[in-house]
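The structure appears right after this line, and notes come after that.
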Amino acid sequence: MSKTLSRPQANLLYAAAFVAAVMVVFTLGYRFAGWSWGDAIYMVIITAFSVGFGEVMPVTDPWLRAWTVALIVLGCTGIIFITGTLVQWLTEAQIQRVLGGRRMENEIEKLKNHAIICGFGRIGRMIASQLEAGGTPFVIVDQAPDRVADAREAGWLTLQGEATDESVLRDAGIARARVLATVLPNDAANVFITLSARNMNPGVQIIARGEVPTTERKLMQAGADRVVLPAHIGADRIAHLILHPNARELLGGKTKSKVEFEHHLGELGLGMEEIEIGPDSPWLHRTVGEVETEAAGRMLAVAILRKEGTTDMNPNPSATLLVGDALVVVRRGGR
């Protein structure tokens, strides 16, 4: 979607178009007088930019002198115009950045009983949308300039910086916050943020994201009130589908239900996959526990669809994969 140009941007565009037109028209004029393309272009450039390096060829004809005078007036005017608009654009951008940042800081300082979202990936964006719909004030903290720009474009209060830095949490109003959600895809960072937030505000409610199941205990010990494992959420939803009479159809075909379901998983940064265990599969005769260990938290086994038609829900880590089986898993697909 195209954006409306600001006045400085529009002026810069007009100035550039004017200078380009002057260059083209006067180059054609000198060319018409019998000059070569190289001499004509060179003459226009040094005259328009007021270099005063000397005439390329003698200007003796009255009309050619008048043409050169017109080039001096229009060319210099165009260059001054384009320089002025460029300076205006850059200056206004800097002023807006400073004023915009200060305005946002003032609004954050006024917040009380608000939420702090650490991380503006897929999950952070979903949380922000839900909180906005529910009328709950919130602040987004993220270190990536592009994600911060996206959040600010959406009209959300945002701080750029590392949420693991206590000064950033302090600027986000952790002392006055009601709840903090740390949803970074890095378990170590989430643990550190949880520790810092709990130390800075013992009464704040902390909801933390965990990628690996073993991190849940660490997050709880660090002070998290709730720990959410996106992979397990996806696994529960897949298990519900498998238990449904049409589970095979949903897992195999592109039905409307499956498309919608995969869209929801995608918003969580997850993906559903059914892996056939063939004679050459590296997982043949391996246990579910071994497969999950090798995946190092990037994959969670939900079910085994046995070749004889039965389904092992939430398979035991010691369950062995055989030829003809299909392993249904939830994969992490990004932030």
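Remarks
- For the stretch 34-58, taking the residues that are surrounded by 16 or more Cβ atoms within 10 Å (Cβ to Cβ) and in a loop (DSSP other than H, G, I, E, B), the one that is modelled with the highest pLDDT is identified as TRP35.
- Any hit, the stretch 117-125, residues being part of a helix (DSSP H, G or I), in the same structural domain as ALA197 (by TED's automatic domain parsing), out of contact with any His (no Cβ under 8 Å at 6 or more places or on another chain) and within 11 Å of THR158 (Cα to Cα): no
- Residue count, the stretch 141-173 (criterion: in contact with a helix residue (DSSP H, G or I) (Cβ under 8 Å, 6 or more places away or on another chain), surrounded by 15 or more Cβ atoms within 10 Å (Cβ to Cβ) and not in a helix (DSSP H, G or I)): 13
- Checked against the criteria, THR27 counts as outside any loop (DSSP other than H, G, I, E, B), among the polar types (S, T, N, Q) and at pLDDT 85 or above.
- The residues on offer are ALA181, ALA177, ALA188, and the sole one that is closer than 20 Å to ILE207 by Cα, modelled with pLDDT of 90 or more and surrounded by fewer than 17 Cβ atoms within 10 Å (Cβ to Cβ) is ALA188.
- Contacts under 7 angstrom Cβ, first residue in the stretch 182-199 being assigned to a helix (DSSP H, G or I), partner surrounded by fewer than 18 Cβ atoms within 10 Å (Cβ to Cβ) and among the acidic types (Asp, Glu), 6 or more apart: SER196/GLU166
- Filter result for VAL73 (exposed (fewer than 14 other Cβ atoms within 10 Å of the Cβ), within 19 Å of VAL19 (Cβ to Cβ) and assigned by TED's automatic domain parsing to the domain that holds ALA15): yes
- Test for ALA20: is it free of Cβ contacts under 8 Å to residues at least 12 places away in the same chain, out of contact with any Gly (no Cβ under 8 Å at 6 or more places or on another chain), part of a helix (DSSP H, G or I) and assigned by TED's automatic domain parsing to the domain that holds ILE82: yes
The values are calculated or read from the model by the stated rules, or taken from the named source; none is laboratory data. Keep in mind that this is a model prediction, so the values were computed, not measured. Don't worry about glycine lacking a Cβ; one is built from the backbone with ideal geometry, like all the others, and counts go over all protein chains shown.
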